[in-house]
Amino acid sequence: VQSADYTTPGALTVEQVRSNITTAYAITYVFGLVGLILIIRLLPKMLVIDLAGEASKLEHEEKAASRAPVFSPTDIVVIALRVEAEEFTGIPLSELYNTTPVQFTVQKLRRDGELIEPTMETQLQVGDCISVVGILNAKAVEDLKDRRVIGAPVRDRELMHYSPESVKICVTRKAASGMTLGDLKIPLNHASFVSKVTRLGVEIDVSPNTKLERGDVLDITGPSAGLELLGEKLGHVEREIEQTDLSTFSWAIVFGILLGTLTLTVAGVKIGLGSAGGLLALGLLVGYLRSLFPVFGRVPAGASWIFTELGLLIFMAGVGLRGGAGLLETLQNSGFALMLTGVVVTTVPLVCAYVYGRKRLRMNPLMLLGTIVGAMTSGGALSVINSQSKSTVASIGYTGAYAFANILLTVAGALIILL
């Protein structure tokens, strides 16, 4: 809240009011953090709630509702064979792929001792040694190894070398929009396999008839060369690399600060998000857009962790430095009242939210507790819930409530003054 018309109570100066607010925050924060964690730790025992059992139930429901993936990386098999069956020779690989019921790709070919890269027009010859990559079950592997199908297995380290990686490819090219997965022939042309297609954050069916749209995100596993070619055809390849997208974050900081300077005058009081609120709003926006279009805003997990932990420590150190000067005086004058207020503000909303969520909304207790600690912006309490439930399912409820709570907390001070 920023207002030149605001009148401080009594003979207090603006600096004294700010000091009192900081000191009161420091005093009440103790129970707001420790007390909340104790309540969250004891509440399930008092109400005889098996958090681990509730987590297991939610995970089973989620698995039942979700579609089984088309494949997992462990389903990919690489075998080396010598071509001995004449019916597999003399025809282009493109035709061979279409007439063979087993889905596979000839990755490498050794002919007369020379290693060559096969193309869709390559025709196999008796005596060729090939490496086959595919999604093969045990029967399919035995069929391919059977001399009556293709030929006998061989030992060849170069042929067997296969280093797949998993990436996300975001469809950004206009020419790719409207194409189907069947048109792309990804397993045949790129020795790669699609495990998931996400559109606007929602997982859709993966089948040859699935039409791609700009903004779709494909989870694909395959060799680096094949993924690069596919990325050029579809759009942007997103890999797990240790590099932060500083450009996006720099612009987000600039616009966040600018947004924080905007104010709205209500009843003579200027209300604004402030720089912290503006940065939070832009952070939420960038995070949401990245979930739909993951071509920007990359932050390695290690960098994110250190910023989160170090930022919290610096924040708490700042609160202590600002509130330490008036701590003893505030404790003598209003210490008990402030501590009692902290207890009430922590426990009453928690109890009311839990009762309403269970009785009225019929929410799962584990998900409800995650939502409550998210609304109270307590990462420590969430860690306790995750530890007791031996799962991270509660984080689903925590994330959404945490985002809304931070926005509301930003303007809460102004609303309290207006009331």
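In order along the range 295-303, the Karplus-derived 3J(HN,Hα) couplings, from 6.51 cos²θ - 1.76 cosθ + 1.60 at θ = phi - 60°, round to 10, 8, x, 6, 9, x, 4, x, 5 Hz, and Gly and Pro are given as x.
In terms of distances greater than 22 angstrom between alpha carbons, the cross-link table entries LYS185/LYS211; LYS196/LYS390; LYS168/LYS233; LYS57/LYS196; LYS108/LYS196 yield LYS196/LYS390; LYS57/LYS196; LYS108/LYS196. The HN-Hα couplings worked out from phi for the range 354-369 by the Karplus form 6.51 cos²θ - 1.76 cosθ + 1.60 (θ = phi - 60°) are 5, 5, 5, x, 7, 7, 8, 8, 6, 7, 4, x, 5, 5, 5, 5 Hz, whole numbers, x standing for Gly and Pro. The candidates ASP128, ASP112, arranged from most to least accessible area with a 1.4 Å probe in the full protein assembly, appear as ASP112, ASP128. The apolar share of the surface of the range 165-232, taken as the fraction of accessible area on carbon and sulfur atoms (1.4 Å probe, ligands and nucleic acids excluded), comes to 51 percent. Taking the 1.4 Å solvent-accessible surface of the range 328-412 as the whole, the part contributed by carbon and sulfur is 67%.
Each residue of the range 111-125 was assigned a 3J(HN,Hα) from its phi angle through the Karplus curve 6.51 cos²θ - 1.76 cosθ + 1.60 (θ = phi - 60°); the sequence is 10, 6, x, 9, 8, 10, 8, x, 10, 5, 8, 4, 10, 6, 10 Hz, with glycine and proline shown as x.
The values are calculated or read from the model by the stated rules, or taken from the named source; none is laboratory data. Remember, predicted model here, so these are calculated numbers, not experimental data. Ligands, DNA and RNA are stripped out before the accessible areas are found, and what is left, the full protein with its side chains, is counted by its heavy atoms. Shrake-Rupley method; radii C 1.70, N 1.55, O 1.52, S 1.80 Å.
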